[in-house]
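Here the structure is laid out as structure tokens; the discussion comes afterwards.
The values are calculated or read from the model by the stated rules, or taken from the named source; none is laboratory data. The structure displayed is predicted, hence computed values, not measured ones. Cβ placement follows ideal geometry from the backbone for every residue including glycine, while neighbour counts extend to all protein chains displayed.
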Amino acid sequence: MIYTKYLTTTVIALFLSIHVFSQQSIGFQQPEKDFDKALELYRLNKFGSAREQFEKFIGNSVKAGSNLISEAYYYRAICAKELENGDAQYLFEQFIIEHPESNRKAFAYFHLGDIQMNRKKFKQALRQFDDVDERKLDDETRYAYFFKRGYCHFMEEEYDVANRYFYDLKDVDSKYYDAANYYYSHIQYQKENYETALKGFRRLENVEAFKKVVPYYIAQIHYLKGDYDASIEYALPMMEKGTQKRKADMARIVGESYFAKKEYAKSTGYFQKTIDLSESARRKDYYHLGFAYYYQKEYDKAAEYLSMVTSANDEMAQNATII
């Protein structure tokens with residue numbers, strides 16, 4: 001009887017311990033379920049709901065001791081950034097301080113730089129980018145880092161530094177391929193490396209985001225290289241496309257190319273078209289038109305247009321006055 005009573009007591013105690021252990025296991029499993037749910041919402045781009053779920057996980061994980069807590073802090077900050085929440089910067093900074101050994105730290109510094117770049121605070125962005133260990137980034141983020149760092153240097157007029165980052169991207173198959181080629185080519189154009197610039201701009205002729213501006217560079221490069229026939233051939237069809245300003249720009253290039261070829265009769269029509277299409281014509285347009293008439297011995301018309309450039313005290317005005 002005593003033995004039976006002892007056995008019954010033991011069984012009950014064992015059952016209670018199993019029940020308590022099961023309850024504890026369920027309790028420990030719950031935070032991980034919250035994390036999985038939050039991550040799924042994040043992957044569905046439901047950043048508001050995902051942030052709430054990550055915060056719920058963080059609150060529960062303090063008791064559960066989950067090793068996913070640093071990941072939750074990181075993804076919560078990402079959600080805040082995507083939602084353009086005002087505390088996104090603080091959350092990344094908090095993550096870096098509280099989880100300095102996380103392999104996400106390089107990504108966090110990248111996002112801090114990105115936040116500053118989006119605010120057009122390019123110097124501050126570059127200070128954050130300085131802390132990025134690019135070796136720890138995945139390819140997609142590394143390409144974004146190269147481009148955005150290059151862009152910040154470009155906006156700070158640090159063109160040689162910017163050029164290096166765009167150079168590293170211009171031949172890489174990534175979402176930044178077109179933009180990297182544009183900025184790289186623009187810098188080469190500024191440095192008068194016209195062949196290199198032309199090669200880059202050629203890649204962008206049919207790219208929707210750049211096809212309105214790239215033809216002007218290409219036509220201008222032909223002109224600056226002294227290849228006037230190529231400049232005329234390229235610019236003429238472009239005069240029928242784009243905005244009024246773009247048509248004026250192309251007419252100017254054609255006019256200047258004919259002028260450089262000393263085909264003054266052909267140049268006058270395009271200079272006149274440039275003036276007619278421009279909201280505010282350049283002094284140089286009147287100057288060229290005046291001299292084009294002068295070389296054709298149409299002196300009255302030459303005097304009419306050259307008189308429009310004599311108000312300033314510069315070489316252009318002095319040349320016009322002599323005539």
Test for residue 78: is it over 14 Å from residue 137 (Cβ atoms), surrounded by 22 or more Cβ atoms within 10 Å (Cβ to Cβ) and of a type in the set (Val, Ile, Thr)
yes
Subset of the range 308-323, residues hydroxyl-bearing (Ser, Thr, Tyr) and not in a helix (DSSP H, G or I), comes to 310, 311
Being at pLDDT 95 or above, touching a Leu at 6+ places or on another chain (Cβ under 7 Å) and on the phi < 0 side of the Ramachandran plot is true for just one of 147, 122, 166. Which residue is that?
147
Identify all residues within the range 153-192 that are within 19 Å of residue 122 (Cα to Cα) and among the hydrophobic types (A, V, I, L, M, F, W, C); write none if there are none.
154, 155, 161, 162, 166, 179, 180, 187
Filter the range 296-323 down to the residues that are closer than 15 Å to residue 265 by Cα, surrounded by 15 or more Cβ atoms within 10 Å (Cβ to Cβ) and not aliphatic (A, V, I, L, M) and list them by number.
298, 301
Residue satisfying condition, being closer than 23 Å to residue 207 by Cβ, buried (at least 22 other Cβ atoms within 10 Å of the Cβ), of a type in the set (S, T, N, Q) and at pLDDT 95 or above, within set 188, 128:
188
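A quick yes/no check of all residues on (1) aliphatic (A, V, I, L, M); (2) closer than 23 Å to residue 149 by Cα:
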{"residue": "180", "(1), (2)": "yes, yes"}
{"residue": "186", "(1), (2)": "no, yes"}
{"residue": "199", "(1), (2)": "no, no"}
{"residue": "209", "(1), (2)": "yes, yes"}
{"residue": "215", "(1), (2)": "no, no"}
{"residue": "226", "(1), (2)": "no, no"}
{"residue": "236", "(1), (2)": "yes, no"}
Among the candidates 185, 257, single out the residue that is among the polar types (S, T, N, Q) and either touching a strand residue (DSSP E or B) at 6+ places or on another chain (Cβ under 6 Å) or more than 21 Å from residue 157 (Cα to Cα) (or both).
257
Among 277, 236, 224, the single one that is within 32 Å of the chain's Cα centre (by Cα), of a type outside the set (Phe, Trp, Tyr) and surrounded by 17 or more Cβ atoms within 10 Å (Cβ to Cβ) is 277
Can you pull out every residue in the range 81-120 that is crowded, with 17+ Cβ neighbours inside 10 Å and among the basic types (Lys, Arg)?
81, 104, 105
Which residue pairs have Cβ atoms under 6 Å apart, sit 6 or more places apart or on different chains, and have a first residue in the range 220-244 that is without any contact (Cβ under 8 Å) to a residue 12 or more places away in the chain and a second that is of a type outside the set (A, V, I, L, M, F, W, C) and surrounded by 15 or more Cβ atoms within 10 Å (Cβ to Cβ)?
230/222
Being at pLDDT below 90, among the basic types (Lys, Arg) and either closer than 15 Å to residue 76 by Cβ or under 39 Å from the mean Cα position of the chain (by Cα) (or both) is the requirement here; does residue 56 meet it?
no
Being modelled with pLDDT under 95, in contact with a Phe, Trp or Tyr (Cβ under 6 Å, 6 or more places away or on another chain) and among the basic types (Lys, Arg) is true for just one of 212, 241, 301, 266. Which residue is that?
301
Search the range 19-46 for residues that are polar (S, T, N, Q) and pair each with any residue that is at pLDDT 50 or above when their beta-carbon atoms are under 9 Å apart and the residues are at least 6 apart or on different chains.
29/64; 30/60; 30/64; 45/82
If I ask for residues that are of a type outside the set (Asp, Glu) and either under 15 Å from residue 200 (Cβ atoms) or surrounded by 15 or more Cβ atoms within 10 Å (Cβ to Cβ) (or both), which ones from the range 165-177 would you list?
165, 166, 167, 169, 170, 172, 174, 176, 177
Conditions (1) more than 16 Å from the chain's Cα centre (by Cα); (2) part of a loop (DSSP other than H, G, I, E, B); (3) within 30 Å of residue 140 (Cα to Cα); number of the one not met by residue 200
(2)
